[in-house]
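Notes follow once the structure below has been shown.
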Amino acid sequence: MSQRNRDSIGNILTVAISVCLVASILVSVAAVGLKPAQDANRLLNQRQNILVAAGLLADGARSDEQGRGINELFEQFEVRVVDLRTGGFVDDIDPQDFDQLRSARDPARSRRLDSDEDKPTLRRLEQYGIVYLIRGDDGGVQKTVLPVRGMGLWGTMFGYLAIDGDLVTAEGISFYRHQETPGLGGEIENPRWRAQWEGLHLFDDQGRPTVELVKTRAPEGSDARKRQVDMLAGATLTSRGVENLVNFWLSDLGYGAFLENLRRGEV
Ligand SMILES: Cc1cc2nc3c(=O)[nH]c(=O)nc-3n(C[C@H](O)[C@H](O)[C@H](O)COP(=O)(O)O)c2cc1C
């Protein structure tokens, strides 16, 4: 083939199109082939965060001191779907197939929140939510982990709040997805800050969710202090967001009815 022919427009186009085609096939095959692994990793990461919030796994650890891995530890949980309005279990939805975030976007399974209800800026509220429970030998619930979410400064923060068997005290909180600035709002992931949540009182004497993120906590021993966590330095808006989302999901709009049923021993 002459030099002139090799450099023809037809040849250049053929080579360019072939390269594009091969590259796109490779990328598609990789994307499709890796999807199951990505999904499995996402699930593992969520389970790890649930375990960390519940105090069953150290931060960042892949197994506990006895060498039990994330999936094995997670088997302790009873995973259920709850009707947020009644607080009762929904038995005809398999929690394995239930995607709470997707259902929040489904008009048939969610409703628009009025602005005065919507402190965490969710816009829509799903009808059903997932709960993770650990029961004792007597069947009583010892730990309850709730998925929580709400706006920070830059986007929605997604996490888990674990509640002790007394249904008043927090066991811990963890966030597995957010867009807050590392070192500022991103400190919601900091284990030292999160440690303050262990033992925090989530409700006041009237049973209202009243967690507060404050610049200066009330004096040691006071009732108010039991419900207070330090704000994150330089991240007022993220801190407000955490306060709003925790109080929202504990309220009657969120899991309040379910927690009330648990208190009465009705679920
Ligand atoms: C680059 C940049 C990133 C910021 N990231 C956050 C953040 O993640 N969370 C937050 O609450 N504020 C963040 N801020 C600060 C807010 O813009 C705002 O100034 C702050 O929340 C005001 O309250 P404070 O300084 O009293 O905390 C950021 C500011 C800048 C310039």
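The values are calculated or read from the model by the stated rules, or taken from the named source; none is laboratory data. If you're wondering where the values come from, they're calculated on a predicted model, not measured in any experiment. Neighbour counts run over all protein chains shown; Cβ positions are idealised from the backbone, glycine included. The accessibility values were calculated without ligands, DNA or RNA, using every heavy atom of the protein model including side chains. Shrake-Rupley method; radii C 1.70, N 1.55, O 1.52, S 1.80 Å.
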Exercise. Counting only residues that are assigned to a helix (DSSP H, G or I) and touching a residue at least 60 places away in the same chain (Cβ under 8 Å), how many does the range 73-105 have?
Worked result: 0
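Could you tell me which residue of the range 138-156 is most open to solvent (accessible area, probe 1.4 Å), considering only residues that are of a type in the set (A, V, I, L, M, F, W, C) and within 16 Å of the ligand (Cβ to nearest atom)?
Selected residue: 154.
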Exercise. Out of the residues in the range 157-186 that are under 23 Å from residue 122 (Cβ atoms), open to solvent by less than 60 Å² (accessible area, probe 1.4 Å) and free of Cβ contacts under 8 Å to residues at least 60 places away in the same chain, which is farthest from the ligand (Cβ to nearest atom)?
Worked result: 170
For this session: Tell me which residues, restricted to the range 219-243, are of a type in the set (A, V, I, L, M) and either within 15 Å of residue 121 (Cβ to Cβ) or away from the ligand (no atom under 15 Å from the Cβ) (or both).
Result: 224, 237, 242
Problem set entry | Complete set of residues in the range 50-72 that are without any contact (Cβ under 8 Å) to a residue 12 or more places away in the chain and either of a type in the set (Asp, Glu) or in a helix (DSSP H, G or I) (or both) | 64, 65, 72
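Quick one: which residue in 127, 66 is at pLDDT below 95 and either surrounded by fewer than 12 Cβ atoms within 10 Å (Cβ to Cβ) or in contact with a helix residue (DSSP H, G or I) (Cβ under 9 Å, 6 or more places away or on another chain) (or both)?
66
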Exercise. Cβ-Cβ below 8 Å, separation at least six or inter-chain, first residue in the range 224-249 and without any contact (Cβ under 8 Å) to a residue 24 or more places away in the chain and of a type in the set (A, V, I, L, M), second open to solvent by less than 10 Å² (accessible area, probe 1.4 Å) and near the ligand (Cβ under 7 Å from one of its atoms): which pairs?
Worked result: 231/239
Exercise. How many residues does the range 244-255 hold that are in a loop (DSSP other than H, G, I, E, B) and either open to solvent by less than 40 Å² (accessible area, probe 1.4 Å) or within 16 Å of the ligand (Cβ to nearest atom) (or both)?
Worked result: 3
Seminar exercise, completed: Heads up, the strands (runs of 3 or more DSSP E) in the range 150-243 (entirely inside) with at least 3 residues that are closer than 25 Å to residue 260 by Cβ are 156-164, 170-177
For this session: For residues that are farther than 15 Å from residue 53 by Cα and within 12 Å of the ligand (Cβ to nearest atom), scanning just the range 187-216, find the one that is surrounded by the fewest Cβ atoms within 10 Å (Cβ to Cβ).
Result: 215
Exercise. Does residue 42 satisfy the criteria of being within 30 Å of residue 79 (Cα to Cα), surrounded by 10 or more Cβ atoms within 10 Å (Cβ to Cβ) and among the basic types (Lys, Arg)?
Worked result: yes
